[in-house]
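Student: Could you have a look at this structure, given as structure tokens, before my questions?
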Amino acid sequence: MIRVGFILLALSVILGAFGAHSLENYLQPEQLKAWNTAVQYQVYHALGILILALFSDKAFIKKERIRYAQIFLLVGIVLFSGSLYFLSTRSMIGVNLSWLGPITPLGGVCFIAGWVMATFALFKEK
């Protein structure tokens, strides 16, 4: 998961730069704002995956729960940020992607579940 975190962080830099330098002339301000929101949440949660990976070998951590937390955060990135990337560029793509709208909040729920699971990873069974 350390590699996954680093790859997601590298992709967020690439996507952020792409949005700032290539999409600026093609997207409306609200679309560009959605793109940037996707990049921000990808960064935050990729860092979360990375931090959880670095803590996963500690004795006070429940490793299985850390793994679930990381999976929830990864799925959250795919659903939340991924749907926003596509929704913000749908006019450029030329495909009706409005069905992705309900997917975005599911990604948010995955983020919440990931952080809750990370919290429970601190409680080892006796």
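Student: Can you tell me which residues in region 67-119 are of a type in the set (Ser, Thr, Tyr) and more than 20 Å from Gly16 (Cα to Cα)? Explain how you work it out, then say what you get.
Tutor: If we filter region 67-119 for residues that are of a type in the set (Ser, Thr, Tyr), which is where we start, we get 68, 81, 83, 85, 88-89, 91, 98, 104, 119.
Tyr68, Ser98, Thr119, listed by residue number.
Student: Let me ask another. Of the residues that make up region 25-37, is at least one assigned to a helix (DSSP H, G or I) and small (Gly, Ala, Ser)?
Tutor: Restricting attention to region 25-37, the residues satisfying the condition of being assigned to a helix (DSSP H, G or I) are 29-37.
From what's left, small (Gly, Ala, Ser): 34.
The answer is yes; a qualifying residue exists.
Student: Kindly indicate which of His21, His45 is in a helix (DSSP H, G or I) and out of contact with any helix residue (DSSP H, G or I) (no Cβ under 8 Å at 6 or more places or on another chain).
Tutor: Values: His45 fails: out of contact with any helix residue (DSSP H, G or I) (no Cβ under 8 Å at 6 or more places or on another chain).
From the options His21, His45, the qualifying one is His21.
Student: Right, here's the next one. Working only within region 56-75, note down all residues that are in a helix (DSSP H, G or I) and surrounded by 15 or more Cβ atoms within 10 Å (Cβ to Cβ). Steps first, answer last, please.
Tutor: Step one: list which residues in region 56-75 are in a helix (DSSP H, G or I), which gives 63-75.
Of everything in region 56-75, those that are in a helix (DSSP H, G or I) and surrounded by 15 or more Cβ atoms within 10 Å (Cβ to Cβ) turn out to be Arg65, Ile66, Arg67, Tyr68, Ala69, Gln70, Ile71, Phe72, Leu73, Leu74, Val75.
Student: Going by the structure shown, is Leu79 part of a helix (DSSP H, G or I), modelled with pLDDT of 95 or more and not polar (S, T, N, Q)?
Tutor: Answer is yes for this residue.
Student: So which residues in region 84-105 are surrounded by 14 or more Cβ atoms within 10 Å (Cβ to Cβ), free of Cβ contacts under 8 Å to residues at least 60 places away in the same chain and assigned to a helix (DSSP H, G or I), if there are any at all? Steps first, please.
Tutor: Here is the first cut: in region 84-105, the residues surrounded by 14 or more Cβ atoms within 10 Å (Cβ to Cβ) are 84-90, 97, 100, 103-104.
Next, only the ones that are free of Cβ contacts under 8 Å to residues at least 60 places away in the same chain stay: 84, 86-87, 90, 97, 100, 103-104.
Matches in region 84-105: Leu84, Phe86, Leu87, Arg90, Leu100, Ile103, Thr104.
The values are calculated or read from the model by the stated rules, or taken from the named source; none is laboratory data. Bear in mind that the values here come from a model prediction, so they are computed numbers and not experimental data. Heads up, the Cβs are rebuilt from the backbone with ideal geometry, glycines too, and the neighbour counts pull from every protein chain shown.
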